[in-house]
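*Asks:* Provided herewith is a single structure, encoded as structure tokens, for subsequent inquiry.
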Amino acid sequence: MSGSRTLLLCLALIAAGVAAYAYWPHEAAPPAERYRTQLVDRGDIVQVITANGTLTPVVLVNVGTQVSGTVRKIHADFNDRVREDQVLAELDPALFQAQVRQSEANVLAAQAALDLARIKIGRISTLQQKNLVAREELDIARQQVDAATAQIKLAEAQLERDRINLRNSVIRSPIAGVVVARSVDVGQTVAANFQTPTLFQIAQDLRAMQINTSIAEADVGMLQPGMAVSFTVDAYSGQRFQGRIRQIRLNPTTQQNVVTYNVVVDVDNAEGRLLPGMTAYVSITAGTRHAVLRVANAALSFQPRRDDGEERGPRPPAKERRTQVHVLDSAGELRPVAVETGLTDNAVTEIISGELKPGDRVVIREVRARSDAAAGGNFRLRMM
């Protein structure tokens, strides 16, 4: 019995010692082990704005039809070069020709009615001068002449409209260029009652292209017309093409609370290698600084833990250029330093002003040391 009690007492003492060691406050780790730092230095910063865009012709015209009908002939196909006013397609003109003949007959009928009204008013005028008819008869005859005259004008207007519809049954190219799309076939019926259908797309000149790309509102303020642009396309891997910003359009686009602006880039395509619809991966050099004071971007978002040991959340991106970094001095103490930032890239940020100098150690993150109890794993005793 005494041996069992002694064993139980030993086990209890060992468990108490392990618990005390796990929860007893240990000495803090040295600053060099607790914080990760990076030196402030001088160097170059190149800020590059990247975006994706689509290559399109500078002038792209959608050719449609103002009248409905069945396509009888097609005179142009994909990639064909066409002249201005060249015939692209023809609709079946039978119905339009019949409408023109009907309107011509209506004009003749209206003319005959006018001639009869004029003869009638001449007779009534002679009789009225001899006081053989009342004055009202002459007024009625004059009104009939006016009505017949208006009817002729109405019939002539309808005839002109039907003739225009007949001419519109022949689809012509409004510009000289290249057919980049054809969306109609022979025998197809096109309806223009509510919306003009697109039959062809014609690019005026594929030697001059443009890129339509969207730039975030945080970056658009650094751009201006005339800035150089470089881009790549998947069709020519590893090759870079050049362009220039022509326009920053003022109409914003908002998607999922993200505001972007359309930036139009002019591209020289004299060799004809770039095709409409290609995806362009655009890079714009927004600014360059040489031999400036730099800190790591992580240092600008570092926040030390509170006194209660809980870790603060990362500092949100500042809209203003003033912020602070934390410097680790020789005594291992953190010292906040207010700074004003300038140009930035994906790694470092320019420091415009503040009490920083090359060689200072700025904290980029804090290392959370694991507790000895967690590091030691499960404590087990084996009884032999």
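Where a number appears in this text, it was derived from the coordinates with a stated rule and is not lab data. Remember, it's a predicted structure, so these values are computed and weren't measured experimentally. We place every Cβ from the backbone using ideal geometry, glycine too, and count neighbours over all the protein chains shown.
*Asks:* Between Arg123 and Glu217, what is the label-to-label distance in nm when each label sits 7 Å out along the Cα-to-Cβ direction?
*Replies:* Calculated label separation equals 8.2 nm.
*Asks:* Give me Rg over Rh for the stretch 266-307, both radii from the alpha carbons and Rh done the Kirkwood way, two decimal places.
*Replies:* Taking Rg over the Kirkwood Rh, I get 1.32.
*Asks:* Kindly state, to the nearest 0.05, the FRET efficiency for Asn62 paired with Arg36, given R0 = 56 Å and r defined as their beta-carbon distance.
*Replies:* 0.45
*Asks:* Put +1 on the Cβ of each Lys and Arg and -1 on the Cβ of each Asp and Glu in the stretch 226-304; which of Asn269, Tyr236, Ala299 then has its Cα farthest toward the positive end of the dipole?
*Replies:* Ala299
*Asks:* Follow-up question, since we're still on this one. From zero up to wherever the largest Cα-Cα distance of the stretch 81-231 sits, split into 5 Å bins and tell me the percent of pairs in each.
*Replies:* Spelled out per bin, shortest first, that is 2, 7, 10, 10, 9, 8, 8, 8, 7, 6, 6, 5, 4, 4, 3, 2, 1, 1, 0, 0.
*Asks:* For a label point 7 angstrom out from the Cα of Asn52 toward its Cβ, which stretches of the stretch 194-229 have the backbone nitrogen within less than 12 Å?
*Replies:* Output list for this probe position: 214.
*Asks:* Report the equivalent ellipsoid semi-axes for the stretch 232-298 in whole Å, largest first, defined as the square roots of five times the eigenvalues of the gyration tensor built from alpha carbon atoms. Don't jump to the answer; show the numbers that get you there.
*Replies:* Working: eigenvalues 145, 88, 36 Å².
Each semi-axis is √(5λ); the values are 27, 21, 13 Å.
*Asks:* Counting alpha carbon pairs within less than 8 Å and at least 6 residues apart, what relative contact order, in whole percent, applies to the stretch 33-120?
*Replies:* Values: 25 pairs, mean separation 16.7, N = 88.
Taking the mean separation of contacting Cα pairs over the length of the stretch 33-120, I get 19 percent.
*Asks:* Within a Cβ distance under 12 Å of Ser103, other residues only, what is the Lys/Arg minus Asp/Glu net charge? Please list the in-between numbers first.
*Replies:* Details: positive: Arg101, Arg161, Arg163; negative: Glu104, Glu156, Glu160, Asp162.
So the environment of Ser103 carries a net charge of -1.
*Asks:* Just how large is the dipole of the stretch 148-229 about the Cα centre, in debye to the nearest 20, putting +1 at every Lys and Arg Cβ and -1 at every Asp and Glu Cβ? Could you put the intermediate results ahead of the total?
*Replies:* Working: 7 positive and 7 negative charges, 83 e Å.
Computed charge dipole of the stretch 148-229: roughly 400 debye.
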